[in-house]
Amino acid sequence: MRKTLSNKLIQELSEELGKYSIPFKTGVQLSILCSFKIGGISPLMIEPENKEQLSQTLFILKKDEIPYKVLGGGTNLLISDFPDTFITLRLSGIFKELIEESNGIFNIGAATNTTPIFRKISLMGYTGVEFLSTIPGWVGGAVIQNAGCYGGEIFNFIENVDFIKDGVLQSLPKEKIDFGYRTSQFLKNKDSIITNIKIKVPLGNLEEIELSLKEKRDKRNSSQPENKKSAGSVFKNPSLKDELGNPIKAWWLIDRVGLRGKLQGSAQISPEHCNFIVNLGNAKAQDVLILISEVQEKVHNMFQIHLEREVEYFGEI
Ligand SMILES: Cc1cc2nc3c(=O)[nH]c(=O)nc-3n(C[C@H](O)[C@H](O)[C@H](O)COP(=O)(O)OP(=O)(O)OC[C@H]3O[C@@H](n4cnc5c(N)ncnc54)[C@H](O)[C@@H]3O)c2cc1C
């Protein structure tokens, strides 16, 4: 049975957060905070503005063992239609800062927007991170799942990740962090909140950087459904090759089982890029779940391949 948080608990928590001047909102419509534009109302969203407030928030929640989930830019999530069994935590304030510590060494808050921040760093004359300017979401979320595209991934540039775990602020150099294709120890363990990262980026030629930014943006625009409500690729590409040695792509499998364009309520497997599911209007998380299950079942039946989900569930779907 679903264990929803009571009004009394929300009231008590609000009073306690108020004592420490920690920003929060009640009754937050989560659909507007994610790219799918799907999701119900969170009874309480806490928005710590600095590390002290974050530590205090976690202390308050841990004391009564109140479940919580961290929301970033909401671009890799399918949010539950009923996200009322947990508290939503969303970093703000100093976690939105970018600081250039020295030439090419940047300290970036986990709540900064990936696209503008990496465009800005690129236009300052630093090269290699142009691809990150095409990935939506926030920096913390990008680290969690080692976001990447066009042959690059964020961990190529990371020196250090700062995070809070078991109430303690910690920092790990990249060599001590377990990460891989679209994953990291933070995603696997779900026991840490990323607060900021340090990256190192080499200087380059500004003209070439501008060209690279444009090329990547054009490539993105031509290959993905434009201005559609989605959470990007729904499935990871399986690490398998066909008989000619070419990598097998998730979109190809979905196409081959005949699900391109399939509708469920207001959710649709994109006719343009069938590894995307798009929300055509007021789709429910349940509609998307049905499409995801159908894809997995049909692909498994025809190819004996299990398509692993890239999109995460935020709450019970
Ligand atoms: C149109 C579109 C295109 C996309 N293209 C790509 C692509 O090319 N490559 C790619 O890799 N991804 C892509 N994505 C997916 C998505 O943009 C990335 O995964 C992004 O990095 C997620 O960041 P976010 O802030 O939105 O995370 P969210 O979706 O908010 O959260 C994702 C996970 O990270 C956790 N999380 C978020 N912030 C923190 C934190 N500070 N501490 C601890 N946990 C945290 C959340 O709890 C959740 O588990 C695309 C998405 C869309 C909509």
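The listed peptides 21-29, 87-95, ordered by packing as a protection proxy, come out as 87-95, 21-29 (highest mean of other Cβ atoms within 10 Å first). A Förster distance of 30 Å, applied to the separation of the beta-carbon atoms of ASN301 and GLN29, puts the FRET efficiency at 0.20. Value of Rg to Rh for segment 96-221, rounded to two decimals, is 0.96; Kirkwood radius and Rg both from alpha-carbon coordinates. Once backbone amide H atoms are built at 1.01 Å from N, PHE24 has GLU47 as its partners under 5 Å, excluding neighbours fewer than 5 places away on the same chain. Sites counted here are GluC sites (Glu not before Pro) in a DSSP loop (not H, G, I, E or B) having no more than 15 other Cβ atoms within 10 Å; the longest part of the chain that contains none of them is 98-225. For the chain, taking Cα atoms only, Rg and Dmax work out to 20.3, 64 Å respectively.
For segment 149-293, the alpha carbon positions stretch 46, 45, 37 Å along the principal axes, listed from largest to smallest. Measuring spread by the Cα atoms of segment 47-130 yields a radius of gyration and Dmax of 16.2, 49 Å. Normalised by residue count, segment 7-93 yields a Cα convex hull volume of 85 Å³ per residue. Ratio of Rg to Rh for segment 225-317: 0.96 [Cα atoms; Kirkwood radius as inverse mean 1/r over pairs].
Here the Karplus curve 6.51 cos²θ - 1.76 cosθ + 1.60, taken at θ = phi - 60°, turns the phi angles of segment 149-159 into couplings of 5, 6, x, x, 9, 4, 5, 4, 10, 6, 9 Hz, with x standing for Gly and Pro.
Can you give me the orientation-averaged projected area of the convex hull built on the Cα atoms of segment 244-294, in nm²? Mean projected area for segment 244-294: 3.7 nm², to one decimal.
Quick note: the coordinates plus some simple rules give every number you see, no bench work behind them. Just so you know, these numbers come straight off a predicted model, no measurement behind them. Heads up, the Cβs are rebuilt from the backbone with ideal geometry, glycines too, and the neighbour counts pull from every protein chain shown.
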